[in-house]
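Asks: Sending over a structure as structure tokens; questions will come in a sec.
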Amino acid sequence: MKILAGNSNLPLARAIAGYLELPLTNADVRRFADDEIFVEIHENVRGEDVFVVQSTSAPANDNLMELLICIDALRRASAKRITAVLPYFGYARQDRKPGPRTPISAKLVANLITTAGADRVLAVDLHAGQIQGFFDIPTDNLYGAPVMAADILTRSGDQDLMVVSPDVGGVVRARALARRLNNAPLAIVDKRRDKPGSSEVMNIIGDVAGQHCILIDDIIDSGGTLVNAAQALMDEGAASVTAYLTHGVLSGSAVERVTNSALKELVITDTIQPTAAALASPKIRVLTIAPLIGEAIHRIAEESSVSSLFD
Ligand code: R5P
């Protein structure tokens, strides 16, 4: 088994390799003067089971292209099996046509990864479970919930907790976390989004007064969804609001928004390499997902169950 890292999130790739007690594959992923990407693998991979770790986070197109070129290099070097490990799958939110004459870019990206030569995909908290079906190759979707639940129970297990979904689409995810928190009660924020990048909170379904709320979502991008939801929960009398998000996209002034928000704390994972600004924020904490991905890779290589990781 070999682990090849793209440049999108080297600390995570190193941590995964560390969990597996393997060195990263000796390779160069670099740019020519005109910005074209070039990959050179400096060790034999013929007949190997290779896992390419690359989040297609910002700059999404560059990181995606790096992934595709790494896969191509491995295929041409006769790797036996290539697994695209996508801790964060960028473009996932473009999973349906929002209007006439618009693309379904998540499907296009899935086609590109498959055509480049990937035999399998390993992703974390896909924006929607059905994106697995966009790939016509085996696709495992890992859940961050066990990592989050362990952290919540360690830090706040003795409090009255209420799990809150920041929109109707996230209820299944919120219910799964609530089950892991000794069946904590659930509330839902009824959010209406007027246009991408802005959101408006409409209503809260559930009595959150006096509760320590745990907001859970897959992605924080501009921060609008989360910050508005936190404010609405505090306005309804919540005792505190802490948020757990798998993918800290944190674009634009999101870090500043979070830092100045009603949130007690935002906990993200390292599927996307946190920026210096995120690490410096007194309200943002990062949990590592490396052992979870490392264990899933180990199980895929050994051909044992991945789903039992979440029993
Ligand atoms: C939407 O369905 C996602 O689950 C997130 O709620 C959304 O992408 C967050 O975006 P933002 O932080 O820009 O509100």
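Please treat every number below as a calculation from the coordinates, not as lab data. Fair warning: this is a prediction, and the values are worked out from it, not measured in the lab. FYI the Cβ positions are ideal-geometry reconstructions off the backbone, even for glycines, and counts take in every protein chain you see.
Asks: Only Cα pairs under 8 Å and at least 6 apart count here; give the relative contact order of the chain as a rounded whole percent.
Replies: On the way: 645 pairs, mean separation 42.5, N = 311.
Relative CO of the chain lands at 14 percent.
Asks: What relative contact order, as a whole-number percentage, does segment 78-161 give when Cα pairs under 8 Å and 6 or more residues apart are counted? Can you show the working numbers first?
Replies: Details: 101 pairs, mean separation 24.5, N = 84.
Relative contact order comes out at 29 percent.
Asks: Would you kindly state how much longer the chain becomes between Ala60 and Glu200 on full extension, computed as 0.36 nm times their sequence separation minus their alpha carbon distance, in nm to one decimal? Please list the in-between numbers first.
Replies: Values: separation 140, 0.36 × 140 = 50.40 nm, distance 2.69 nm.
Between Ala60 and Glu200, full extension yields an extra 47.7 nm.
Asks: Something else: Of the candidates Ile137, Ile16, Ile220, which one comes out as most mobile in a Gaussian network treatment of the chain with C-alpha springs shorter than 10 Å?
Replies: Checking each option, the largest mean-square fluctuation is seen for Ile137.
Asks: Name the long-range amide H neighbours of Leu215: under 5 Å, sequence gap of 5 or more, or other chain; modelled H, no Pro or chain starts.
Replies: Answer set, sorted by chain and number: Val164, Thr242, Ala243, Tyr244.
Asks: Is there a quick way to get the dipole size of segment 145-288? I mean about its Cα centre, with the Cβ of Lys and Arg at +1 and of Asp and Glu at -1; what is the value in debye to the nearest 20?
Replies: Details: 13 positive and 16 negative charges, 47 e Å.
The dipole of segment 145-288 has a size of about 220 debye.
Asks: Enumerate the aspartates and glutamates that Lys191 could reach by cross-link, defined here as Cα to Cα under 16 Å, with residues fewer than 8 away along the same chain left out.
Replies: Here the aspartates and glutamates satisfying the reach criterion relative to Lys191 are Asp167, Glu200, Asp217, Asp218, Asp221, Asp235, Glu236.
Asks: I need the GluC sites (Glu not before Pro) found in segment 34-75, filtered to DSSP loop residues with at most 14 other beta carbons within 10 Å of theirs.
Replies: Working: sites: Glu36, Glu40, Glu43, Glu48, Glu66; in loops: Glu36, Glu43, Glu48.
Of the GluC sites (Glu not before Pro), the ones in loops of segment 34-75 whose Cβ has at most 14 other Cβ atoms within 10 Å are Glu36, Glu43.
Asks: Exactly which trypsin sites (Lys or Arg not before Pro) in segment 22-58 are in a DSSP loop and have at most 10 other Cβ atoms within 10 Å? Spell out each step's value before the answer.
Replies: Working: sites: Arg30, Arg31, Arg46; in loops: Arg46.
Sparse-neighbourhood loop trypsin sites (Lys or Arg not before Pro): Arg46.
Asks: A further question follows. For segment 129-140, take each phi angle, set θ = phi - 60°, evaluate the Karplus expression 6.51 cos²θ - 1.76 cosθ + 1.60, and give the result in whole Hz per residue in order, putting x for glycine and proline.
Replies: Going residue by residue, I get x, 5, 5, 3, x, 6, 9, 8, 10, x, 9, 9 Hz, with x marking Gly and Pro.
Asks: Taking segment 24-84, which chymotrypsin sites (Phe, Trp or Tyr not before Pro) meet the DSSP loop condition and have no more than 16 other C-beta atoms within 10 Å? Write down the numbers at each step before the final one.
Replies: Working: sites: Phe32, Phe38, Phe51; in loops: Phe32.
Those satisfying the criteria are Phe32.
Asks: Are there DSSP H segments in the chain that both extend 20 Å or more along their axis (alpha-carbon positions) and score a mean Kyte-Doolittle hydropathy of at least -0.5? List them, or say none.
Replies: 60-76
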